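Visitor: This structure is in structure tokens; I'll ask about it shortly.
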Amino acid sequence: MEDKLIIRGIEFKSRLWVGTGKYKDFEETARAVKASGADVVTVAVRRVNVVDRKSENLLDYIDPKKYKILPNTAGCYTVEDALRYSRLAREAGVSEMIKLEVIGDEKTLFPDVIGLLKATEILAKEGFIVFPYTNDDPIMAKRLEDAGAAAVMPLGAPIGSGLGIRNPYNIKIILEAAKVPIIVDAGVGTASDATVAMELGCDAVLINTAIASAKDPIAMAEAMKHAVIAGRLAYKAGRIPKKLYATASSPIEGML
């Protein structure tokens with residue numbers, strides 16, 4: 001099935017994107033990334049050494065020639081910090097893409113949407129390909145799109161919670177109005193959650209904790225790969241309508 005994901009002229013082979021935090025070491029990270037089949041790998045500029053190539057580096061294990069490295073501004077609580085780390089990643093030659101996070105609360109890790117919108121406008125004008133992480137708010141999603149976001153990344157549930165897609169109806173409203181790709185980010189706990197996101201019509205899913213903190217991260221990475229593929233195929237195929245009463249699977253006409 002010809003079903004390519006293309007964002008700002010960049011073709012993505014997989015609709016599963018993966019993070020690199022919370023693994024026990026870089027070797028396990030690399031094994032999980034390979035098992036996932038993902039070609040987009042996010043790295044936290046503040047927390048992972050991807051800029052200084054003189055010491056052990058994640059990019060020694062995740063080949064930038066094979067994978068698309070997506071720097072993110074995880075841990076940034078101000079617009080200024082988010083801008084600084086975005087620019088640092090680009091100046092270091094990591095990528096012009098940026099997964100933009102401006103966190104508003106330390107306990108919930110919910111986005112500061114006002115700061116996020118401001119940072120998106122600035123970085124988009126500077127030529128960045130911006131992927132902002134936001135609440136599942138249709139109004140804010142539209143404003144981020146209008147501000148120049150290349151895609152919008154609404155949360156399914158709080159970061160690392162594993163609660164799954166808590167408000168599929170908001171996600172559906174976002175999808176109906178969006179003219180840019182929608183990528184669910186945060187909240188996925190297991191493979192069925194990823195399938196739900198894709199069956200709703202999301203263009204991709206970004207997963208970190210659900211894979212890295214699983215009892216067997218490598219097996220979970222492979223499970224997520226198949227879940228995303230299955231969910232996308234089901235969405236494209238079109239599900240049957242829900243009915244209150246049973247419908248016979250075999251026609252009764254002509255039966256003796």
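Visitor: Considering only residues that are outside any helix (DSSP H, G or I) and open to solvent by 40 Å² or more (accessible area, probe 1.4 Å), which ones fall in segment 136-157?
Guide: D137
Visitor: If you don't mind, there's one more thing I want to ask. Any idea which residue in segment 91-117 is nearest to the chain's Cα centre (by Cα), counting only those that are in a helix (DSSP H, G or I) and surrounded by fewer than 18 Cβ atoms within 10 Å (Cβ to Cβ)?
Guide: Here the answer is I114.
Visitor: Hey, another quick one. Would you pick out the residues in segment 160-204 that are touching a residue at least 12 places away in the same chain (Cβ under 8 Å), more than 17 Å from S36 (Cα to Cα) and charged (D, E, K, R)?
Guide: Selection gives R166, K172, K179, E199.
Visitor: Could you pull out the residue among A38, A32, A82 that is out of contact with any Gly (no Cβ under 7 Å at 6 or more places or on another chain), in a loop (DSSP other than H, G, I, E, B) and modelled with pLDDT of 95 or more?
Guide: Matching residue, one of A38, A32, A82: A38.
Visitor: Do you know which residues across segment 118-128 are part of a loop (DSSP other than H, G, I, E, B) and open to solvent by 50 Å² or more (accessible area, probe 1.4 Å)?
Guide: Restricting attention to segment 118-128, the residues satisfying the condition of being part of a loop (DSSP other than H, G, I, E, B) are 126-128.
Matches in segment 118-128: E126 only.
Visitor: If you go through segment 53-60 one residue at a time, do you hit one that is open to solvent by 60 Å² or more (accessible area, probe 1.4 Å), touching a Gly at 6+ places or on another chain (Cβ under 8 Å), outside any helix (DSSP H, G or I) and not basic (K, R)?
Guide: no
Visitor: Those residues that are charged (D, E, K, R) and either within 12 Å of the chain's Cα centre (by Cα) or not in a helix (DSSP H, G or I) (or both), I need them from segment 207-232; list them, please.
Guide: Hits for segment 207-232 are K215, D216.
Visitor: So, one more: Could you please let me know if A74 is surrounded by 16 or more Cβ atoms within 10 Å (Cβ to Cβ), out of contact with any strand residue (DSSP E or B) (no Cβ under 6 Å at 6 or more places or on another chain) and small (G, A, S)? So that I can check it myself, show each step before the final result.
Guide: Working: surrounded by 16 or more Cβ atoms within 10 Å (Cβ to Cβ): yes; out of contact with any strand residue (DSSP E or B) (no Cβ under 6 Å at 6 or more places or on another chain): no; small (G, A, S): yes.
The answer is no for A74.
Visitor: Go through segment 1-19 residue by residue and tally those that are within 15 Å of the chain's Cα centre (by Cα) and open to solvent by 40 Å² or more (accessible area, probe 1.4 Å). Write out each step before concluding.
Guide: Initially, segment 1-19 is screened for residues within 15 Å of the chain's Cα centre (by Cα), giving 5-7, 12-19.
Those still in the list that are open to solvent by 40 Å² or more (accessible area, probe 1.4 Å) too: 6, 13.
The total comes to 2.
Visitor: Is segment 237-251 home to any residue that is buried (at least 17 other Cβ atoms within 10 Å of the Cβ) and among the polar types (S, T, N, Q)?
Guide: No, every residue in segment 237-251 fails to be buried (at least 17 other Cβ atoms within 10 Å of the Cβ) and among the polar types (S, T, N, Q).
Visitor: What number of residues within segment 159-206 are among the β-branched types (V, I, T), open to solvent by 50 Å² or more (accessible area, probe 1.4 Å) and in a loop (DSSP other than H, G, I, E, B)?
Guide: Residues flagged as among the β-branched types (V, I, T), open to solvent by 50 Å² or more (accessible area, probe 1.4 Å) and in a loop (DSSP other than H, G, I, E, B) within segment 159-206 amount to 2.
Visitor: Taking H226 as meeting all but one of (1) surrounded by fewer than 23 Cβ atoms within 10 Å (Cβ to Cβ); (2) over 29 Å from E27 (Cα atoms), write down the number of the exception.
Guide: Single failed check for H226: (2).
The values are calculated or read from the model by the stated rules, or taken from the named source; none is laboratory data. For clarity, every value in this text was computed on a predicted model and none was experimentally measured. Don't worry about glycine lacking a Cβ; one is built from the backbone with ideal geometry, like all the others, and counts go over all protein chains shown. To get the accessible areas, we keep the full protein, side chains included, count just its heavy atoms, and leave off ligands, DNA and RNA. Shrake-Rupley method; radii C 1.70, N 1.55, O 1.52, S 1.80 Å.
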